[in-house]
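The values are calculated or read from the model by the stated rules, or taken from the named source; none is laboratory data. Just so you know, these numbers come straight off a predicted model, no measurement behind them. Every residue, glycine as well, gets a Cβ built from its backbone with ideal geometry; the counts of neighbours run over all protein chains shown. Keep in mind that these areas ignore ligands, DNA and RNA; they rest on the heavy atoms of the full protein, side chains included. Shrake-Rupley method; radii C 1.70, N 1.55, O 1.52, S 1.80 Å.
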Amino acid sequence: MPRKLGKTSDQRRAMLRQQVTDFLDYGKMETTVTRAKEIKPLAEKMITLGKKSDLAAYRQAMSFITREDVCKKLFKEIAPNYAERNGGYTRIVRTGIRRGDAAETAVLELV
(Lines give C-alpha, C1' and ligand atoms only; values in the text may rest on other atoms or scores of the structure.)
Protein backbone atom coordinates (compact mmCIF):
# COMPACT_ATOMS: atom_id res chain seq x y z
CA MET A 1 0.00 0.00 0.00
CA PRO A 2 1.47 3.40 -0.99
CA ARG A 3 2.25 5.97 1.65
CA LYS A 4 -0.33 8.74 1.92
CA LEU A 5 2.02 11.42 3.34
CA GLY A 6 -0.92 13.19 4.98
CA LYS A 7 -2.31 14.53 1.69
CA THR A 8 -5.19 13.85 -0.66
CA SER A 9 -4.27 11.89 -3.78
CA ASP A 10 -4.15 14.91 -6.12
CA GLN A 11 -2.10 16.97 -3.65
CA ARG A 12 0.25 14.01 -3.18
CA ARG A 13 0.68 13.51 -6.94
CA ALA A 14 1.38 17.24 -7.43
CA MET A 15 3.93 17.28 -4.59
CA LEU A 16 5.73 14.17 -5.87
CA ARG A 17 5.85 15.52 -9.44
CA GLN A 18 7.34 18.78 -8.18
CA GLN A 19 9.87 17.05 -5.92
CA VAL A 20 10.99 14.68 -8.69
CA THR A 21 11.39 17.69 -11.02
CA ASP A 22 13.47 19.60 -8.46
CA PHE A 23 15.53 16.51 -7.64
CA LEU A 24 16.41 15.93 -11.31
CA ASP A 25 17.20 19.64 -11.69
CA TYR A 26 19.61 19.85 -8.72
CA GLY A 27 20.86 16.24 -8.55
CA LYS A 28 20.26 15.99 -4.79
CA MET A 29 17.69 17.05 -2.22
CA GLU A 30 17.15 16.93 1.51
CA THR A 31 13.74 15.75 2.67
CA THR A 32 12.19 13.29 5.10
CA VAL A 33 13.05 9.59 4.76
CA THR A 34 9.44 8.68 3.93
CA ARG A 35 9.22 11.23 1.11
CA ALA A 36 12.63 10.18 -0.20
CA LYS A 37 11.43 6.58 -0.39
CA GLU A 38 8.43 7.72 -2.44
CA ILE A 39 10.47 9.96 -4.77
CA LYS A 40 13.22 7.42 -5.47
CA PRO A 41 11.26 4.96 -7.70
CA LEU A 42 9.61 7.82 -9.62
CA ALA A 43 12.97 9.50 -10.30
CA GLU A 44 14.51 6.20 -11.40
CA LYS A 45 11.59 5.64 -13.77
CA MET A 46 12.21 9.07 -15.33
CA ILE A 47 15.92 8.30 -15.82
CA THR A 48 15.00 4.97 -17.45
CA LEU A 49 12.70 6.87 -19.84
CA GLY A 50 15.58 9.27 -20.52
CA LYS A 51 17.82 6.35 -21.50
CA LYS A 52 15.32 5.30 -24.23
CA SER A 53 15.69 8.79 -25.78
CA ASP A 54 12.87 8.56 -28.30
CA LEU A 55 9.92 10.88 -28.80
CA ALA A 56 7.39 8.63 -27.05
CA ALA A 57 9.62 8.39 -23.95
CA TYR A 58 10.18 12.17 -24.01
CA ARG A 59 6.44 12.84 -24.12
CA GLN A 60 5.84 10.34 -21.32
CA ALA A 61 8.48 12.06 -19.17
CA MET A 62 7.04 15.50 -20.03
CA SER A 63 3.62 14.37 -18.80
CA PHE A 64 5.14 13.82 -15.33
CA ILE A 65 7.98 16.38 -15.05
CA THR A 66 6.64 19.90 -14.49
CA ARG A 67 9.31 21.90 -16.38
CA GLU A 68 10.46 21.39 -19.96
CA ASP A 69 14.04 22.55 -19.31
CA VAL A 70 14.43 19.82 -16.67
CA CYS A 71 13.08 17.23 -19.12
CA LYS A 72 15.63 18.35 -21.75
CA LYS A 73 18.40 18.18 -19.13
CA LEU A 74 17.25 14.65 -18.19
CA PHE A 75 17.43 13.40 -21.80
CA LYS A 76 20.62 15.30 -22.83
CA GLU A 77 22.80 15.24 -19.67
CA ILE A 78 21.55 12.97 -16.86
CA ALA A 79 20.38 9.79 -18.66
CA PRO A 80 23.49 9.35 -20.91
CA ASN A 81 25.63 9.10 -17.73
CA TYR A 82 23.74 5.93 -16.77
CA ALA A 83 23.79 4.24 -20.20
CA GLU A 84 25.65 1.12 -18.95
CA ARG A 85 23.91 0.99 -15.57
CA ASN A 86 20.79 -1.15 -15.06
CA GLY A 87 18.81 0.68 -12.39
CA GLY A 88 20.00 1.97 -9.03
CA TYR A 89 20.59 5.56 -10.15
CA THR A 90 19.80 7.12 -6.77
CA ARG A 91 20.74 6.64 -3.13
CA ILE A 92 19.15 7.65 0.15
CA VAL A 93 21.52 8.70 2.94
CA ARG A 94 19.90 9.26 6.34
CA THR A 95 21.05 12.50 7.97
CA GLY A 96 19.46 12.44 11.41
CA ILE A 97 16.47 14.07 13.05
CA ARG A 98 15.00 17.49 12.23
CA ARG A 99 14.87 19.80 15.24
CA GLY A 100 11.43 21.33 14.65
CA ASP A 101 9.27 18.21 14.42
CA ALA A 102 11.71 15.35 15.10
CA ALA A 103 11.14 13.95 11.58
CA GLU A 104 13.91 11.70 10.32
CA THR A 105 15.64 13.43 7.40
CA ALA A 106 17.63 12.04 4.50
CA VAL A 107 19.55 13.25 1.45
CA LEU A 108 18.43 11.76 -1.85
CA GLU A 109 21.19 11.96 -4.47
CA LEU A 110 22.10 10.71 -7.91
CA VAL A 111 24.80 8.01 -7.79
* Using the charge dipole of segment 1-60 (Lys, Arg: +1 at Cβ; Asp, Glu: -1 at Cβ; taken about the Cα centre), state which of GLN19, THR8, THR31 has its Cα farthest towards the positive end. => THR8
* Probe 1.4 Å, protein heavy atoms only - accessible area per residue of segment 51-97 in square angstrom -> 66
* Sticking to Cα atoms, compute the Rg of segment 57-108 to one decimal and its Dmax as the biggest Cα-Cα distance, whole number, in Å. => 15.6, 42
* To do: Kindly flag which residue pairs out of LYS45/LYS73; LYS52/LYS73; LYS7/LYS28; LYS51/LYS76 have an alpha-carbon separation exceeding 19 Å in this structure.
  => LYS7/LYS28
* To do: For LYS37, go through the aspartates and glutamates and keep the ones whose alpha-carbon is under 14 Å away, minus same-chain ones fewer than eight residues off.
  => GLU104, GLU109
* Asked: Given the Cα atoms of the chain, and with Rh set as the inverse mean 1/r over their pairs in the Kirkwood sense, what is Rg to Rh to two decimals?
  -> 0.98
* Structure fact -> In whole percent, the fraction of accessible protein surface over the chain that belongs to carbon or sulfur atoms, probe radius 1.4 Å, stands at 49
